[in-house]
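Peer 1: I have a structure I would like to understand better, so I am pasting it below and will then ask my questions one at a time.
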Amino acid sequence: MAVLLTEGQRHDSVGFAPLYAQAQSAGTPVRLTADRAYDADAIRAQLATDAVVSVIPARCNRLEPLPHSPELYKLRHKVENWFRKLQDFRRLATRYEKLAKCYLALVHLASALILLRAFVNTP
């Protein structure tokens, strides 16, 4: 998993290259599950070159929709649940931090706390 903080008005696909580089530095990605914003020929070509399975649904305006696995795409809800859990932290939800590096540090801290919650009271 990789995390990249970008401006709110910036399109998701613009930040793909640094995000993908960060994921590659952590290990070799096997599969990339993303939403329709990442449906671009350049992104799909990059993933095909690196032999990464892309689970990206086609945009509605694509003339020839490319297939994807709906069963694998259903697993994307775990990422959406993580975003929802981040909203439990008021300081993150209201964006009190002015500096991007401070906000990103809080995202990492909150993510660690979310992960630790999974291990509390488990046998």
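Peer 1: Just one of L47, L72, L4 is on the phi < 0 side of the Ramachandran plot, assigned to a loop (DSSP other than H, G, I, E, B) and surrounded by 12 or more Cβ atoms within 10 Å (Cβ to Cβ); which is it?
Peer 2: Among L47, L72, L4, only L4 is on the phi < 0 side of the Ramachandran plot, assigned to a loop (DSSP other than H, G, I, E, B) and surrounded by 12 or more Cβ atoms within 10 Å (Cβ to Cβ).
Peer 1: Would you please name the residue that is farthest from D41 (Cα to Cα), looking only at residues in the range 17-31 that are surrounded by fewer than 12 Cβ atoms within 10 Å (Cβ to Cβ) and polar (S, T, N, Q)?
Peer 2: The residue in question is S25.
Peer 1: In the range 10-36, how many are assigned to a helix (DSSP H, G or I) and over 18 Å from S69 (Cβ atoms)?
Peer 2: The qualifying residues number 15.
Peer 1: Kindly provide the set of residues from the range 60-107 that are charged (D, E, K, R) and under 19 Å from V3 (Cα atoms), ordered by number.
Peer 2: Across the range 60-107, the qualifying residues are R76, K78, E80, R84, K85, D88, R91, R95, E97, K98, K101.
Peer 1: Does A112 count as at pLDDT 85 or above, within 25 Å of E7 (Cα to Cα), among the aliphatic types (A, V, I, L, M) and assigned to a helix (DSSP H, G or I)?
Peer 2: In short, yes.
Peer 1: Restricting to the range 86-103, name every residue that is of a type in the set (D, E, K, R) and surrounded by 14 or more Cβ atoms within 10 Å (Cβ to Cβ).
Peer 2: Correct list: E97 only.
Peer 1: Among the residues of the range 51-64, which ones are surrounded by 12 or more Cβ atoms within 10 Å (Cβ to Cβ) and either assigned to a helix (DSSP H, G or I) or of a type outside the set (S, T, N, Q) (or both)?
Peer 2: Correct list: V52, V53, V55, I56, P57, A58, R59, R62.
The values are calculated or read from the model by the stated rules, or taken from the named source; none is laboratory data. Remember, it's a predicted structure, so these values are computed and weren't measured experimentally. Cβ coordinates were reconstructed from backbone atoms using ideal geometry, including for glycine residues, and neighbour counts include every protein chain displayed.
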